[in-house]
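Chemist: Below are the structure tokens for one structure; questions will follow.
The values are calculated or read from the model by the stated rules, or taken from the named source; none is laboratory data. What you see is a predicted model, and the numbers here were worked out from it, not measured in a lab. With ideal geometry, Cβ positions are generated from the backbone for all residues, glycine too; neighbour counts draw on all protein chains shown. In case anyone asks, the SASA skips ligands and DNA or RNA and just uses the protein heavy atoms, side chains included. Shrake-Rupley method; radii C 1.70, N 1.55, O 1.52, S 1.80 Å.
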Amino acid sequence: MIYRNTVLIVGAGGSAPYGFPTDSRLRNEILAAVRDEHSDIYQTLITGDHFSPYDLLPFHNRLQRADTETIDKFLKDLSHESHLGKAAIAAVLSQYEDPDTLQLADGDHWYQYLVNSLVTACPFDDFKRNNLSIISYNYDRSLEHYLHTSLVNLYGKVSAEIARILQSIPIVHLHGVLSRLPWQARHNTREYRPESTINEILSSASMIQMVHEAGPCEALEIAGHYIAQAEIIIFIGFGYHQDNLDRLHVCLQTVRPNTDIVGTGYGLTTARCSRILDQWGIRVHEDPKCKTRQFLEETEALN
């Protein structure tokens with residue numbers, strides 16, 4: 001059981017062990033999908049009267065020639081492309097929502113470790129005593145799907161009972177989510193599966209909010225509420241990019257004096273970790289090869 005008031009802040013690297021593309025890889029996969037008329041994504045996008053090949057080819061050419069590191073930066077400068085851009089993001093990410101791959105993490109199965117922390121010494125009736133909230137920068141639903149599926153099987157309960165206890169672990173998607181899962185809501189839901197219709201893609205796209213579009217909003221206000229009460233804040237799979245930290249700037253100013261703020265540092269230099277500590281007060285783990293599960297095991301941050 002997680003006793004301390006704990007907030008996980010999950011970046012794109014949190015979904016990467018489960019196959020989801022991050023940053024430049026997502027941009028490159030969108031480029032490939034909207035250029036290849038034989039790809040499933042291309043054919044889905046041109047279904048109906050929403051987009052045509054005459055939309056996809058110019059979009060591809062501008063994205064390629066802009067040569068930005070991410071699709072987000074491209075759409076920031078060309079906001080009129082956001083409708084197609086968000087649909088392309090939703091189409092590419094949705095194809096990775098394969099429930100059979102969530103137990104096959106690439107050497108960093110931290111979802112499993114998280115569930116183990118939640119259920120250890122915790123019978124079903126006590127589950128709501130876990131003191132955890134999650135703030136995600138990701139659009140995918142892999143974490144909530146994994147939590148629900150694992151708990152259904154661990155506790156031997158029906159979906160509705162697990163959905164009820166999972167309400168005690170709020171997951172706030174700061175930039176939107178690829179639709180709610182059927183156990184989370186009654187309307188505008190989509191199963192966790194890699195196939196999507198054009199209408200499902202458009203529905204998911206409508207729930208995406210790019211970083212540059214995101215001003216004050218309900219999700220940020222809710223995130224701030226959890227951060228202000230936290231005893232420990234753990235950044236998971238986070239790149240500590242300025243735009244993303246700026247998004248949380250006001251929230252982090254409300255952190256209590258004794259709150260511990262730590263984070264993974266995979267791929268980061270010692271100098272970069274020091275700058276993050278000086279500027280934001282985040283103690284980043286100074287091991288550029290240490291992945292998320294190893295970080296959680298070594299630091300015992302969830303205990």
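Chemist: Taking every pair of alpha-carbon atoms in the stretch 165-303, what share in percent sits in each 10 Å bin, from 0 to the bin with the longest distance?
Modeler: Values per bin, smallest distances first: 10, 32, 34, 20, 4.
Chemist: Mind giving me the nanometre distance, one decimal, between the label points for Asp246 and Ala32, set 7 Å out from Cα along Cα→Cβ?
Modeler: Rounded to a tenth, the inter-label distance reads 3.2 nm.
Chemist: In terms of modelled amide H atoms, which long-range or inter-chain residues lie less than 5 Å from the amide H of Ile261?
Modeler: Answer set, sorted by chain and number: Ile233, Arg283.
Chemist: Could you tell me how far the Cα centroid of the stretch 148-165 sits from the Cα centroid of the stretch 241-303, in Å?
Modeler: About 32 Å separates the Cα centre of the stretch 241-303 from the one of the stretch 148-165.
Chemist: How big is the stretch 218-288 along each principal axis, measuring the range of its Cα positions in Å and listing the largest first?
Modeler: The Cα atoms of the stretch 218-288 stretch 33, 25, 18 Å along their principal axes.
Chemist: Give the angle, between 0 and 90 degrees and rounded to the nearest 10, that separates the Cα long axis of helix 110-119 from the longest principal axis of the Cα atoms of the chain.
Modeler: That works out to roughly 40 degrees.
Chemist: Relative to the first principal axis of the alpha-carbon coordinates of the chain, what is the inclination of helix 53-66, with its axis defined by its Cα atoms, in degrees from 0 to 90 and to the nearest 10?
Modeler: In the chain, helix 53-66 runs at an angle near 60 degrees to the longest axis.
Chemist: Right, something else. How much of the accessible area of the stretch 83-139, probe 1.4 Å, is carbon plus sulfur, in whole percent?
Modeler: Details: 990 of 2130 Å².
Within the stretch 83-139, the accessible surface is 46 percent carbon and sulfur.
Chemist: Now a separate question. So, by mean Cβ neighbours within 10 angstrom, what's the order for 261-269, 45-53, 118-126 with the highest one leading? Intermediate results must be reported in sequence, preceding the final value.
Modeler: Values: 261-269: 19.9, 45-53: 14.7, 118-126: 12.8.
Top of the packing list down: 261-269, 45-53, 118-126.
Chemist: Principal axes first, then extents: for the Cα atoms of the stretch 138-185, list largest minus smallest coordinate on each axis, whole Å, largest first.
Modeler: Extents along the principal axes, in whole Å: 33, 17, 16.
Chemist: Still on this structure, please answer the following. Please list, by residue number, everything in the stretch 176-205 whose backbone N is under 13 Å from a paramagnetic label point 7 Å out along Cα→Cβ of His50.
Modeler: Only 179, 196-205 fall inside the zone, counting backbone N under 13 Å.
Chemist: Just want the answer: with Cβ charges of +1 for Lys and Arg and -1 for Asp and Glu, which residue in Leu114, Gly48, Thr68 is farthest toward the dipole's positive end in the stretch 46-122?
Modeler: Thr68
Chemist: In vacuo Debye scattering of the stretch 71-221, one point per C-alpha: log10 I(q)/I(0) at q = 0.15, 0.19, 0.21 Å⁻¹?
Modeler: One equal scatterer on each Cα of the stretch 71-221 leads to -0.85, -1.25, -1.41.
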